[in-house]
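See below for the structure under consideration.
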Amino acid sequence: MKGMAVRKMMMLAMLAVIALTIFMVEAQIPLPLPIPGIKLGLANIVTVYAVFVWGPGEALLILLTRILLGALFAGQVMSLMYSLAGGALALLVMAGLRRILSQKQIWLAGGLGAVAHNIGQIAVAVLITQTPGLVVYLPFLLIAGALAGCFTGVCAQAAMGHLDKLSALRRP
């Protein structure tokens, strides 16, 4: 039993490192659109995967590790509040969807989680800056987020199909 706990901890640490690596690589890619906040969010592939394979609690640990270390390594500590709010809201949505979606519908959780993430980020931006006008970005962010989130959800769904070797490590 103790060996299983160590293997689980190692697997979660590995997933956090993968997510952080993806985040750092993506941070080096220039944004193709002039709208602040639009990006693919490829590190969320790991988060979606973790929610559905390991559960919301474990996914939260991976997400917090990626957000905290990502902000420090990328030198974007100011973005911490935005990322925490968006990530928490996205995780809540995906955790709820985990109960009702089949393994063939995980892509949908990625899309809806990304939409929730954008809503959380805009809400924090409005609160911090006291600028309600920032809401004008929301429609653009929601469209881009839904598309990018569905893509990350498809990737997570595909990863689940290819990682059956790790099923012995999955949480029951």
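Residue-level analysis places A71 among those that are open to solvent by less than 40 Å² (accessible area, probe 1.4 Å), at pLDDT below 95, of a type in the set (A, V, I, L, M, F, W, C) and in a helix (DSSP H, G or I). Listed by first and then second residue, the pairs linking a residue in the stretch 1-30 that is free of Cβ contacts under 8 Å to residues at least 40 places away in the same chain and on the phi < 0 side of the Ramachandran plot to a residue that is open to solvent by less than 90 Å² (accessible area, probe 1.4 Å) and part of a loop (DSSP other than H, G, I, E, B), with Cβ atoms under 6 Å apart and 6 or more places separating them unless they lie on different chains, are I22/L42; I22/A43; E26/L42. Could you tell me which numbered condition R7 fails, if it satisfies all but one of (1) at pLDDT below 90; (2) crowded, with 16+ Cβ neighbours inside 10 Å; (3) charged (D, E, K, R)? The failed condition is (2). Could you check, for the stretch 121-141, whether at least one of its residues is in contact with a Phe, Trp or Tyr (Cβ under 7 Å, 6 or more places away or on another chain), closer than 25 Å to L20 by Cα and open to solvent by 70 Å² or more (accessible area, probe 1.4 Å)? Taking every residue of the stretch 121-141 in turn, none turns out to be in contact with a Phe, Trp or Tyr (Cβ under 7 Å, 6 or more places away or on another chain), closer than 25 Å to L20 by Cα and open to solvent by 70 Å² or more (accessible area, probe 1.4 Å).
Mind checking whether some residue in the stretch 91-102 is part of a helix (DSSP H, G or I), among the charged types (D, E, K, R) and farther than 16 Å from G55 by Cα? Looking through the stretch 91-102, none of the residues is part of a helix (DSSP H, G or I), among the charged types (D, E, K, R) and farther than 16 Å from G55 by Cα. Pick from the stretch 44-61 the residues that are of a type in the set (A, V, I, L, M), at pLDDT 95 or above and farther than 15 Å from M24 by Cα: which of them is most open to solvent (accessible area, probe 1.4 Å)? Once the filter is applied, the top-ranked residue is L61.
The values are calculated or read from the model by the stated rules, or taken from the named source; none is laboratory data. Remember, predicted model here, so these are calculated numbers, not experimental data. Using ideal geometry, Cβ is built from the backbone for each residue, glycine included, and neighbour counts are taken over all protein chains shown. Note: accessible area is taken over every heavy atom of the protein model, side chains too, but ligands, DNA and RNA are not part of it. Shrake-Rupley method; radii C 1.70, N 1.55, O 1.52, S 1.80 Å.
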